[in-house]
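See structure below.
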Amino acid sequence: MRNNPPGKKAAKTITRPPYALDSVDNALRLLQMLRDIGALRLKDAAEELGTAPSTAHRLLAMLVYRGFAVQDEKRRYHPGPALGVGPAQQGWTRELTDICRPHMDALSTSTGETINLMIRVGSQVRFLYSAEAESTLRVGDRQGQVLPAERTAGGRILLAELPRQTLEQLYLRPVEEGHLESSDPPYGVDRRLFPREFEAFRGELEAARAVGFAVNVEQTEVGVAALGMAIRNRARYAVGALAAAVPTARYRQHIDGRLVGELRSAVRDIDIEIAHIG
C-alpha cells in the first residue's frame, strides 16, 4: 500500500449516490460518450445506456436543444458548441441578467414573442436568460444555449461592433488553406470564411450596424427568425445583445410593425441602467 505524501490526505472514494436519478445519470453518460468518442449513433447510445432507442433519442434531443450535441446529415451525434467551452469569465453577467430581466419580461408580454439576452465569447454567443412568450405558437426557452455568433441575430449585431482585425482573427481563412470557393463545413466545426465570403459577411455586418439591428431568418432553426440589438454601457461599448425570437410566420409583420421600436425602447432603458458596468 502506497503512503500518502506528507501533509496530503487520501482522496475520498467516489461512490454512486443512493438517490441517483437514472435520467440525469444517462444524460451525463451521453455527454461523456460525446466527449470521448466524438461521433455517436442512436443505436450505440441506446445499447451503451441499456435503454430503448426512443429513450436515448429523447435524451440526445435535449442535449441538441441545449447546445451540448449537434447532429450531422447522417444522423450521427457530435459534441456541440456548449460541450467544449468553459466559464464566461465575466463576473458582471449575473448583474446584467438581473437588470435586463424585468425589461425582457415586459417586452415579451407586450409583443407576445420570446426575448433572449446573450453575450459574445469569441465566435460564440451564450444565452443568459429567456423571457418566453405565452403564445401557443412561440419560440422556446434558449437559456443556457451556446450557438455560433454569426448565425444569431444578437451575435451578428455584436460582431458588427468589432474592428476588422478582430473579425479576421475569428473568421478569415488563410488563402493557402484552400481554394477561394466555399466548402460549407459541418455546423459548429470550422466556420472560417474564404476571403470573398469574408468580405460579403463583413458587408452584412456593416449594414446591420448602420440600421441598428441584425436579423436571422432560419439560420439557427427552421421556422424561427430573430431581430437583435446591442446593449451598451456608458462608454457605448456593446456588452451584450437583446433579441426577439419569432416564428417566421410572424416575421414580416414584425419587421413592418412596432416590434423594432419596442425592442429599441427596451434596449435604451437597459442602457441607462447598466451605465456603470465596465
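The table below lists the values:
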{"read-out": "Pick from region 141-184, criterion under 16 Å from the mean Cα position of the chain (by Cα) and of a type in the set (A, V, I, L, M), ranking: modelled with the lowest pLDDT", "value": "146"}
{"read-out": "Members of region 25-82 found to be surrounded by 14 or more Cβ atoms within 10 Å (Cβ to Cβ) and acidic (Asp, Glu), listed by number", "value": "44, 48"}
{"read-out": "Helices (runs of 4 or more DSSP H) (entirely within region 71-173) containing at least 3 residues that are among the β-branched types (Val, Ile, Thr)", "value": "93-111"}
{"read-out": "Any hit, region 225-237, residues being under 23 Å from residue 67 (Cβ atoms) and either over 23 Å from the mean Cα position of the chain (by Cα) or surrounded by fewer than 19 Cβ atoms within 10 Å (Cβ to Cβ) (or both)", "value": "no"}
{"read-out": "In region 200-223, residue nearest to residue 171 (Cα to Cα) [restricted to those that are among the small types (Gly, Ala, Ser) and over 18 Å from the mean Cα position of the chain (by Cα)]", "value": "200"}
{"read-out": "Residue check for residue 55: farther than 25 Å from residue 221 by Cβ, of a type in the set (S, T, N, Q) and not assigned by TED's automatic domain parsing to the domain that holds residue 147", "value": "no"}
{"read-out": "So residue 122, is it at pLDDT below 95 and at positive phi", "value": "yes"}
{"read-out": "Residue in region 238-263 that is modelled with the lowest pLDDT, counting only those that are over 14 Å from residue 108 (Cα atoms) and in a helix (DSSP H, G or I)", "value": "255"}
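The values are calculated or read from the model by the stated rules, or taken from the named source; none is laboratory data. Remember, predicted model here, so these are calculated numbers, not experimental data. When we count neighbours, we look across all protein chains shown, and the Cβ atoms used for this are built from the backbone with ideal geometry, even at glycine.
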